[in-house]
Structure formats: structure tokens, C-alpha cells
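Reviewing the structure listed below.
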Amino acid sequence: MSDASADGSFSFGRVLLLVVPLALIGWAARMYSGNLENSAQAHLERTMASRLLSDVAASEKLNAKYADADNDLVADPPKDEKELLDPETINFSYVASSDTEDEATTWKEFIAALSEKLGKPVKLVTYADVNEQMRALQNGELQVTAFATGETPEAVNEAGFVPAACFADADGNFSYTMKIIVPADSDIAKPEDLEGKRMTFVRPRSNSGCTAALVMLMNEHDLQPERDYSWGFSYGHENSIKGIAEKKFAAAAVASDILARMIANGDIAESDVKVIYESKPYPPGVLGYAYNLKPELRDGIVETFKTFDWKGTGLEAGPGKSGSVKFAPVEYKKDWEPVREINKTGGELFTKLASTAA
């Protein structure tokens with residue numbers, strides 16, 4: 001079975017693992033048989049969309065195993081010193097991705113600076129799957145890491161992740177938008193025109209690549225996947241953007257900063273794509289650490305983010321092409337409020353769809 005990122009075809013195997021198996025199996029059966037009554041088809045369509053939204057809203061609150069005495073929505077460090085971690089080697093990873101080829105170059109100087117600050121070796125580790133990354137964080141195998149915007153709330157609530165810093169411009173500003181893009185010569189000019197077309201999302205947990213667009217289309221335009229438009233997943237913002245530029249995809253939801261970086265790198269031309277929708281700003285992916293590290297490790301990590309100079313480093317050569325020049329501190333409670341609002345709206349849509357599917 002070909003992958004969605006290659007030719008736009010629906011990749012059943014990967015989505016069966018990432019979304020809700022029973023709902024998708026039912027949906028696949030419906031697609032192949034074509035023999036269900038209209039009412040049964042409508043039921044399956046509502047179920048499919050509602051299950052995806054329920055996954056988004058599943059981790060709304062901090063897990064009960066964590067304390068939050070200061071009400072900052074992030075897990076407090078353990079009070080018992082015996083529960084604090086002080087590993088001999090600090091494992092560092094960036095956002096889980098299947099494309100990790102350039103990470104050693106990008107993070108080389110930062111890792112050296114972090115190692116010097118902490119007085120410990122720092123090892124770069126990579127994860128192709130965010131579930132594996134979160135398990136490593138929960139199990140104490142991963143100490144410093146990063147999550148994409150849409151994955152951050154679950155990482156905070158379920159894995160004890162403490163957001164610390166984002167890529168920022170010279171003034172310390174950090175944000176990106178969700179854009180829906182189409183090929184430059186497409187007749188699609190606005191979200192309403194997506195009816196009857198195919199929409200490519202990045203992956204179910206992606207904020208800009210899926211959730212924000214899915215919720216916007218359903219909430220503001222009453223456009224429901226499968227009922228009003230067909231859909232699939234590319235498993236990478238870069239894949240979606242290239243797919244639009246090469247006219248393999250009809251429409252795609254992507255992050256503005258990645259689009260800007262690909263244009264700056266010459267991967268695509270700005271004239272290859274047309275933007276038909278742009279959202280309000282969201283916080284970008286964020287770096288942070290495990291909640292249960294010893295205080296001197298936590299402080300050293302934060303200080304390294306604060307003082308690290310990007311000039312002449314792999315970070316300048318990579319993320320720097322999108323306009324970022326440094327790390328800026330974040331406040332999860334304030335900065336991720338727009339993302340939690342999207343998740344809340346998704347949860348409300350889930351409740352509505354679930355009630356009509358019953």
C-alpha cells in the first residue's frame with residue numbers, strides 16, 4: 001500500500017495505528033462495499049470525525065499523579081528528593097520525526113554548551129514516533145526534549161513535560177499561523193471551495209497540520225471530513241508543502257514557519273502556492289525538560305536556553321532561516337491558551353457529533 005505522502009492516496013495502515021482502529025475499520029469497509037444505506041453512511045462519517053476530535057480532547061487536564069500547587073498547569077517537581085533524577089548522561093531529542101538526518105548538525109553547538117553547563121555528557125537521541133518519545137520521557141530515559149505545538153498539552157499532562165523555550169526573533173517574539181494552501185493556479189479560493197475536494201492533513205496530533213484546520217472547517221464552515229471532502233495524511237509539513245507545489249495535493253494545512261523556511265531554502269518557490277486561509281497566531285514547537293530532574297539540572301537547562309548564542313551555529317543555519325535568532329522563555333499557561341481553546345472547541349464538537357451518531 002503506497003503512503004499518503006508519496007501520492008496522496010489514503011494510507012490505511014498508518015492511520016489505523018494513529019487514530020481509532022474500530023472507527024476506521026468500519027469506515028474502510030464502507031468505502032469498499034458501497035452497499036450501506038445513507039443513514040449508516042452518515043453515522044460512520046460522524047463517528048470518524050468525532051473519534052478524531054475525542055483524541056484531541058482526551059488529555060485536557062494534568063494527570064492526577066502530578067501535583068500543581070502553583071496552578072501553572074505544569075507538574076511540580078517531586079517533594080521527595082529520592083524521586084528526583086540525576087542521570088549520568090543527559091539524553092536530548094528534538095521533535096519526533098521520520099526526518100532526523102540533519103539534527104546532529106543543527107544541535108551540535110547547543111549540545112556542547114548544555115554539556116558544559118551541566119557538567120555531564122549530553123547525548124542526542126532521535127524518535128520517529130511521538131508515542132515512543134513520550135514513553136521515554138515518562139520512564140526517565142529522556143531528560144531534555146521538544147514537542148510540536150499540538151503535542152505539547154498531552155506531553156505536559158501525561159508525561160511530565162515542562163515547556164521552557166521557543167525559537168524566537170530578535171525581540172523575543174514567537175508564533176506561527178496555520179495556513180491552508182493550494183497550488184497557485186488552483187480554482188480553490190476560500191475554505192468553502194474545499195467542498196468536494198481532497199484535503200491533506202499532516203498527522204492527527206498536529207495543531208497546524210490537522211486539529212486547527214479540522215476544527216475551523218467544521219465549526220466555521222460546516223465542512224465535515226468524508227461527508228463534505230475527502231482527506232488523507234502526508235506525515236510531514238514538508239511533504240504537504242512539496243505536494244502542493246508539485247500539484248500532487250489539492251489543498252493542505254501547514255505551519256507558516258515551515259512554509260517560510262522551505263521558501264527561504266529554495267525547496268519551493270513562493271509563486272508555487274496560494275494561501276486561502278490563515279489562522280490567528282499559535283505558539284510554535286517548544287523545548288523543555290522532565291519535571292522530576294534535580295534543581296541544579298533544571299536551572300542549568302533553563303540558563304543554557306537563556307544564554308546560548310546562535311551566531312555561527314547549526315541553529316542559525318537551520319531554524320534561523322525562518323527568522324529565529326535565539327531562544328525565548330515561555331509560560332505554558334498563557335502561551336498555550338489558544339491551543340487549549342482549539343482542543344476545547346474540538347471536544348465540544350466531539351460531544352455534538354457523538355450525540356447525533358448515537
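The values are calculated or read from the model by the stated rules, or taken from the named source; none is laboratory data. Given the structure is predicted, the values throughout are model-derived calculations rather than measurements. Here Cβ is always computed from backbone atoms with ideal geometry, including for glycine, and neighbour counts include all displayed protein chains.
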Item checked: Some residue of segment 107-119 being surrounded by 15 or more Cβ atoms within 10 Å (Cβ to Cβ), in contact (Cβ under 8 Å) with a residue 12 or more places away in the chain and part of a loop (DSSP other than H, G, I, E, B) -> no
From the option list GLU270, GLU296, GLU246, GLU278, single residue qualifying as modelled with pLDDT of 95 or more, in the same structural domain as SER93 (by TED's automatic domain parsing) and farther than 24 Å from VAL130 by Cα is GLU296
Checked pairs for segment 180-205, first closer than 25 Å to GLU154 by Cα, second among the charged types (D, E, K, R) and assigned to a strand (DSSP E or B), C-beta under 9 Å and 6 or more apart or across chains, list as ILE180/GLU278
Of the residues that make up segment 174-195, is at least one assigned to a helix (DSSP H, G or I), under 22 Å from GLU151 (Cβ atoms) and more than 19 Å from the chain's Cα centre (by Cα)?
no
Of the residues in segment 273-296 that are among the aromatic types (Phe, Trp, Tyr) and closer than 30 Å to ASP80 by Cα, the one that is surrounded by the fewest Cβ atoms within 10 Å (Cβ to Cβ) is TYR291
Checked segment 81-106 for anything assigned to a helix (DSSP H, G or I), in contact (Cβ under 8 Å) with a residue 24 or more places away in the chain and of a type in the set (Asp, Glu); matches are GLU83
Within segment 181-203, the count of residues that are surrounded by 21 or more Cβ atoms within 10 Å (Cβ to Cβ) and touching a Lys or Arg at 6+ places or on another chain (Cβ under 7 Å) comes to 2
Using the structure shown, decide if ILE276 is among the aliphatic types (A, V, I, L, M) and not in a loop (DSSP other than H, G, I, E, B).
-> yes
Going through segment 303-331 in order, the residues found to be crowded, with 17+ Cβ neighbours inside 10 Å and among the basic types (Lys, Arg) are LYS326
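Conditions (1) within 21 Å of ILE342 (Cα to Cα); (2) outside any helix (DSSP H, G or I); (3) charged (D, E, K, R); (4) out of contact with any Lys or Arg (no Cβ under 7 Å at 6 or more places or on another chain), marked per residue:
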site: ARG205; (1), (2), (3), (4): yes, yes, yes, yes
site: ALA212; (1), (2), (3), (4): yes, no, no, yes
site: LEU217; (1), (2), (3), (4): yes, no, no, yes
site: SER230; (1), (2), (3), (4): no, yes, no, no
site: SER240; (1), (2), (3), (4): no, no, no, yes
site: ALA252; (1), (2), (3), (4): yes, yes, no, yes
site: ILE258; (1), (2), (3), (4): yes, no, no, yes
- [ ] Looking only at segment 258-271, decide whether some residue is within 30 Å of ASP86 (Cα to Cα), buried (at least 22 other Cβ atoms within 10 Å of the Cβ) and not hydroxyl-bearing (Ser, Thr, Tyr).
- [x] no
(1) under 22 Å from the mean Cα position of the chain (by Cα); (2) touching a residue at least 24 places away in the same chain (Cβ under 8 Å) all hold for GLN138 apart from (2)
